[in-house]
1. Looking only at region 12-37, which residues are farther than 17 Å from E60 by Cβ and either touching a residue at least 24 places away in the same chain (Cβ under 8 Å) or not hydrophobic (A, V, I, L, M, F, W, C) (or both)?
2. Does region 39-66 hold any residues that are assigned to a helix (DSSP H, G or I), open to solvent by less than 100 Å² (accessible area, probe 1.4 Å) and not small (G, A, S), and which are they?
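The values are calculated or read from the model by the stated rules, or taken from the named source; none is laboratory data. Since this is a predicted model, take the numbers as computed values, not measurements. Note: ideal-geometry Cβ built from the backbone for every residue, glycine included; neighbour counts use all protein chains shown. The accessibility values were calculated without ligands, DNA or RNA, using every heavy atom of the protein model including side chains. Shrake-Rupley method; radii C 1.70, N 1.55, O 1.52, S 1.80 Å.
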Amino acid sequence: MPETAIGLAALGAILSARLLYQWIRSRTQVQLARLTQQGTSDRVRALPPGSKVTERRAGEELRIEVGASGGDARG
């Protein structure tokens, strides 16, 4: 009987550790994505209207056109 209790406690500890690891990992990924997005936003804010930005990361491409160029402004 004590072996069963020890085994269940060990299993619970392993499952808890795995859950904690996954939670920390997903939280870190969210924070990294937020920092990347913030960096892109800061760079784009510093550009004059009509500028175009293309960023490529990990198989994805982001294209941004800043403001309206020339007579494209709509009001």
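1. Of everything in region 12-37, those that are farther than 17 Å from E60 by Cβ and either touching a residue at least 24 places away in the same chain (Cβ under 8 Å) or not hydrophobic (A, V, I, L, M, F, W, C) (or both) turn out to be G12, S16, R18, Y21, Q22, R25, S26, R27, T28, Q31.
2. Hits for region 39-66 are T40, D42, V44.
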